[in-house]
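What follows is a set of notes on a single structure, which appears directly below.
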Amino acid sequence: MTNFDKILAKAREKKDREQEKEQPQQQRSGIEATIPLDDIKDRVAGDTRPLDQKHVEELAESIAAIGLVQAVTVDAKGRLLAGGHRRAAIHLLREQNRDAYKRQFPNDRVPVRVMDFDSQVEPDRSLEVELSENEKRRDYSRTEVVAIAEKLRAAGYQDTPGRPKKGEKRLKPALSVIFGKSLRTVERYLSEPETPTSGEVFPSKLLKQALPKLKQWQQSKPKTPAEKELAASLSGLIELIEAVLQEQSES
């Protein structure tokens, strides 16, 4: 074997090792795809829990408005692993609101996450995937939840106190169903202030930080002509900052 052959063989071995490392991760996370709705088959052993019809109806309404937020999970043969309520909601939407169904699922194709195993051959992995999704749902960020909330508001969902009127679609329960979070968690997402991205500071925060320092400097005695000029206009500047902060607190 020549030196070139040895180098080539080592390169192939390295590539094979890298592919072996990537494969388990792909098997765990699955592959995103779209398949026809009717190609999503029932679970081999049937549902582990009965479907909540009210949950299905609420999901169908939200899917009609904003589409499917989380894909249905299937095995390599198209058998359902997780997302039974979502699949039932899509079927219900197709039956009751054909226009919305066609709009959200062009060509009758539904987003799925395909896991690379056969649930009939490996039923233990099938149960593991279902339990994992139910217990460890993706932790959506506040920004994502707020974005979905805005889409629902645009679609007629309302966030009003008291008992809902007949036919009224409530925002927070819909978000709770979509994300699998409690109403308390949804309320916290919607009420907490937006967190700036790395390196970003909101103007109101800067004004709040600057105000006490400006008032402190105002108590000092100006010495230079520039300081005297600043002192003369500082009172008006402080009043303006306080007015801006007051407006923001009331908005």
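Name the residue, out of ARG153, ARG184, ARG163, that is at pLDDT below 80 and more than 17 Å from ARG86 (Cβ to Cβ).
The unique qualifying residue is ARG163.
Looking only at the stretch 187-222, count how many residues are open to solvent by 60 Å² or more (accessible area, probe 1.4 Å), modelled with pLDDT of 80 or more and among the small types (Gly, Ala, Ser).
Adding up the residues that qualify gives 0.
Run ARG86 past the list (1) touching a strand residue (DSSP E or B) at 6+ places or on another chain (Cβ under 6 Å); (2) modelled with pLDDT of 95 or more and report the number of the one that doesn't hold.
(2)
Within the stretch 16-33, does at least one residue satisfy the condition of being over 18 Å from SER119 (Cα atoms), at pLDDT 60 or above and polar (S, T, N, Q)?
no
Pull out all pairs, ordered by first then second residue, where Cβ-Cβ is under 6 Å, the residues are six or more apart or on different chains, the first lies in the stretch 166-183 and is in contact (Cβ under 8 Å) with a residue 40 or more places away in the chain, and the second is aliphatic (A, V, I, L, M) and outside any loop (DSSP other than H, G, I, E, B).
ALA174/LEU152; VAL177/LEU59
Look through ALA76, ALA11, ALA60 and report the one residue that is modelled with pLDDT of 80 or more, of a type in the set (A, V, I, L, M) and over 26 Å from SER176 (Cα atoms).
ALA76
Here are some residues: VAL110, VAL56. Which one is β-branched (Val, Ile, Thr), over 21 Å from VAL186 (Cα atoms) and out of contact with any Gly (no Cβ under 8 Å at 6 or more places or on another chain)?
Of the residues listed, the single one that is β-branched (Val, Ile, Thr), over 21 Å from VAL186 (Cα atoms) and out of contact with any Gly (no Cβ under 8 Å at 6 or more places or on another chain) is VAL110.
The values are calculated or read from the model by the stated rules, or taken from the named source; none is laboratory data. Note that this is a predicted model, so its numbers are computed, not measured. For neighbour counting, all protein chains shown are included, and Cβ atoms are generated from backbone atoms with ideal geometry for every residue, glycine included. Accessible surface areas use protein heavy atoms only, side chains included; no ligands, DNA or RNA. Shrake-Rupley method; radii C 1.70, N 1.55, O 1.52, S 1.80 Å.
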